[in-house]
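Trainee: Okay, handing you the structure first.
The values are calculated or read from the model by the stated rules, or taken from the named source; none is laboratory data. These numbers were taken from a predicted model, which means no experiment stands behind them. Heads up, the Cβs are rebuilt from the backbone with ideal geometry, glycines too, and the neighbour counts pull from every protein chain shown.
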Amino acid sequence: MANDVKDTIQGTEQEQKRHFELVELPRRLIKEKPLGTIGGVIVLALFITGIFADFLAPYGMNEAFIADRLEPPSAQYVLGTDQLGRDMATRIIYGARTSMIVGVFGSLICLITSTLIGMTSGFIGGKYDLIVQRIVDAVMCFPALLILLTIVAMLGPGLMQVTITIGVVFGISGSRVIRSAAISTKENTYVDAARAIGCSTTRTLIRHILPNILPAIIILTTTRMGGVILAEAALSFLGYGIPPPTPSWGGMLSGAGRQYMYTAPLLAIWPGLILSLVVYGINMLGDALRDLLDPRLRGGIGRFGKAKRKSLRLKNSQELDKC
């Protein structure tokens with residue numbers, strides 16, 4: 001009976017530990033990772049700009065003022081105008097919506113693909129793992145941009161085609177991270193106990209493997225988002241991404257930015273600068289979350305608060321003594 005009580009208290013301690021971790025994560029991010037905090041602000045600004053682009057943009061997405069072509073920044077046009085007389089600030093704001101859609105949904109597809117492939121491959125193992133990993137190796141042998149160009153050339157340019165293609169390709173290559181986490185997790189005793197009492201493979205994966213590899217999934221998603229946005233910009237720059245007149249930062253660099261690079265360099269500077277800033281912010285946020293969530297790194301989940309951890313252990317020991 002004492003062992004049962006001890007196991008119950010240990011389970012309660014783990015649940016309280018996870019609760020403290022989630023509550024203290026924003027505070028630790030601000031206190032311990034200032035660059036990660038800046039990155040989080042940049043990502044939040046990207047989401048707000050993309051969601052409320054219709055209200056933030058001073059003009060219509062494709063509203064052109066022919067008489068004001070290639071105007072420099074002024075009070076009327078904050079970032080100037082392009083070769084068709086369209087406001088650059090408006091185009092960049094709507095380009096943020098495009099990047100947000102591609103980044104979020106591309107990362108979501110990447111997450112699903114990586115989780116399905118990596119978790120099942122690492123948990124099942126054997127011949128299934130061998131076959132799946134050889135396919136992953138074959139995909140990773142080719143440059144990602146070459147694969148993306150080939151698939152998008154067959155499917156045709158478009159927002160949906162580009163997003164799905166980038167998400168699947170990046171998800172296959174990222175499945176290695178999830179597979180490693182699943183392999184280390186399945187060696188724990190509670191997984192053997194679940195098998196012993198007759199849990200199915202699906203239930204074991206969902207109830208025992210998935211919650212314990214969640215930090216790796218979060219880290220992979222945040223770090224992949226910047227790569228997804230850059231991949232979309234690269235495809236748009238090469239003419240295989242989002243077709244005009246839909247604004248895209250990569251398309252703005254490829255079209256007017258490259259054509260008028262010497263006569264109006266701001267057409268390439270503004271979208272390039274915003275793209276670099278957003279990708280930098282996403283990478284900094286992803287690195288910060290990795291440092292805070294990965295238990296193998298200093299500052300991982302074990303440091304959810306020394307004072308609270310000590311208090312929690314003292315409280316649980318007192319309850320055990322009473323029993």
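Trainee: Starting from residues that are crowded, with 16+ Cβ neighbours inside 10 Å and of a type in the set (Ser, Thr, Tyr), keep the ones in the stretch 162-192 and report whichever is farthest from Met140 (Cα to Cα).
Mentor: Selected residue: Thr185.
Trainee: Separate question: Can you tell which of Arg309, Arg290 is at pLDDT 65 or above, part of a helix (DSSP H, G or I) and basic (Lys, Arg)? Let's see the steps before the verdict.
Mentor: Working: Arg309 fails: at pLDDT 65 or above.
One residue alone meets the criteria, Arg290.
Trainee: Please pick out the residue among Ile147, Ile92, Ile172, Ile178 that is over 29 Å from Ile213 (Cβ atoms) and touching a helix residue (DSSP H, G or I) at 6+ places or on another chain (Cβ under 8 Å). Break it down into steps so the answer makes sense when it comes.
Mentor: Values: Ile147 fails: over 29 Å from Ile213 (Cβ atoms); Ile172 fails: over 29 Å from Ile213 (Cβ atoms); Ile178 fails: over 29 Å from Ile213 (Cβ atoms).
One residue alone meets the criteria, Ile92.
Trainee: Next up: For the stretch 98-196, list the helices (runs of 4 or more DSSP H) that sit wholly inside it and hold at least 1 residues that are out of contact with any Asp or Glu (no Cβ under 8 Å at 6 or more places or on another chain) and of a type in the set (Phe, Trp, Tyr); which are they?
Mentor: Details: elements: 126-141, 144-155, 159-186, 189-196.
Counting at least 1 such residues, we get 126-141, 159-186, 189-196.
Trainee: Suppose we keep only residues that are touching a residue at least 40 places away in the same chain (Cβ under 8 Å) and farther than 25 Å from Ser99 by Cβ within the stretch 25-45. Which one would you say is surrounded by the most Cβ atoms within 10 Å (Cβ to Cβ)?
Mentor: Arg28
Trainee: Tell me which of these Thr263 doesn't satisfy, since it passes every other one: (1) on the phi < 0 side of the Ramachandran plot; (2) modelled with pLDDT under 80; (3) not in a helix (DSSP H, G or I).
Mentor: (2)
Trainee: Tally time: how many residues in the stretch 22-57 are among the acidic types (Asp, Glu) and within 17 Å of Trp249 (Cβ to Cβ)? Steps first, please.
Mentor: Of the residues in the stretch 22-57, the ones among the acidic types (Asp, Glu) are 24, 32, 54.
Now restrict to residues that are within 17 Å of Trp249 (Cβ to Cβ): none.
Total meeting the criteria: 0.
Trainee: Then there is this: Could you identify the single residue in Leu145, Leu159, Leu111, Leu116 that is buried (at least 19 other Cβ atoms within 10 Å of the Cβ), out of contact with any Phe, Trp or Tyr (no Cβ under 6 Å at 6 or more places or on another chain) and either closer than 19 Å to Ile217 by Cβ or in contact (Cβ under 8 Å) with a residue 60 or more places away in the chain (or both)? Quick ask: steps written out before the conclusion?
Mentor: Details: Leu145 fails: buried (at least 19 other Cβ atoms within 10 Å of the Cβ); Leu159 fails: buried (at least 19 other Cβ atoms within 10 Å of the Cβ); Leu116 fails: buried (at least 19 other Cβ atoms within 10 Å of the Cβ).
Just a single option satisfies the conditions, and that option is Leu111.
Trainee: Check Glu21, Glu13 and return the single one that is acidic (Asp, Glu), assigned to a helix (DSSP H, G or I) and either crowded, with 17+ Cβ neighbours inside 10 Å or modelled with pLDDT of 85 or more (or both).
Mentor: Numbers: Glu13 fails: either crowded, with 17+ Cβ neighbours inside 10 Å or modelled with pLDDT of 85 or more (or both).
Sole residue among the options that is acidic (Asp, Glu), assigned to a helix (DSSP H, G or I) and either crowded, with 17+ Cβ neighbours inside 10 Å or modelled with pLDDT of 85 or more (or both): Glu21.
Trainee: Could you grab me the full set of residues in the stretch 267-285 that are buried (at least 19 other Cβ atoms within 10 Å of the Cβ) and of a type in the set (A, V, I, L, M)?
Mentor: Leu267, Ala268, Ile274, Leu275, Val278, Val279, Ile282, Met284, Leu285
Trainee: A follow-up question, please. Mind checking whether some residue in the stretch 252-262 is surrounded by 24 or more Cβ atoms within 10 Å (Cβ to Cβ) and under 24 Å from the mean Cα position of the chain (by Cα)?
Mentor: Yes: the stretch 252-262 contains one or more residues that are surrounded by 24 or more Cβ atoms within 10 Å (Cβ to Cβ) and under 24 Å from the mean Cα position of the chain (by Cα).
Trainee: Within the stretch 193-204, is even one residue within 20 Å of Ala96 (Cβ to Cβ) and either modelled with pLDDT under 85 or surrounded by 16 or more Cβ atoms within 10 Å (Cβ to Cβ) (or both)? Write out each step before concluding.
Mentor: Here is the first cut: in the stretch 193-204, the ones within 20 Å of Ala96 (Cβ to Cβ) are none.
Checked the stretch 193-204: no residue is within 20 Å of Ala96 (Cβ to Cβ) and either modelled with pLDDT under 85 or surrounded by 16 or more Cβ atoms within 10 Å (Cβ to Cβ) (or both).
Trainee: Further question: Please work out which residue is nearest to the chain's Cα centre (by Cα), limiting yourself to the stretch 223-239 and to residues that are surrounded by fewer than 22 Cβ atoms within 10 Å (Cβ to Cβ) and touching a residue at least 60 places away in the same chain (Cβ under 8 Å).
Mentor: Result: Thr223.
Trainee: In this structure, is Ile117 at pLDDT 85 or above, within 20 Å of the chain's Cα centre (by Cα), over 21 Å from Asn212 (Cβ atoms) and of a type in the set (Val, Ile, Thr)?
Mentor: Details: at pLDDT 85 or above: yes; within 20 Å of the chain's Cα centre (by Cα): yes; over 21 Å from Asn212 (Cβ atoms): no; of a type in the set (Val, Ile, Thr): yes.
When the stated conditions are applied, Ile117 does not pass them.
Trainee: Before we move on, is Pro247 surrounded by 23 or more Cβ atoms within 10 Å (Cβ to Cβ), of a type outside the set (A, V, I, L, M, F, W, C) and in contact with a Lys or Arg (Cβ under 7 Å, 6 or more places away or on another chain)?
Mentor: Numbers: surrounded by 23 or more Cβ atoms within 10 Å (Cβ to Cβ): yes; of a type outside the set (A, V, I, L, M, F, W, C): yes; in contact with a Lys or Arg (Cβ under 7 Å, 6 or more places away or on another chain): yes.
In short, yes.
Trainee: Filter the stretch 62-94 for residues that are assigned to a loop (DSSP other than H, G, I, E, B) and of a type in the set (Ser, Thr, Tyr); which is surrounded by the fewest Cβ atoms within 10 Å (Cβ to Cβ)? Show your work before the answer.
Mentor: Taking the stretch 62-94 as the starting set, the residues that turn out to be assigned to a loop (DSSP other than H, G, I, E, B) are 62-63, 65, 69-80, 82-85.
Those still in the list that are of a type in the set (Ser, Thr, Tyr) too: 74, 77.
Values: Ser74: 11, Tyr77: 21.
In this case the residue turns out to be Ser74.
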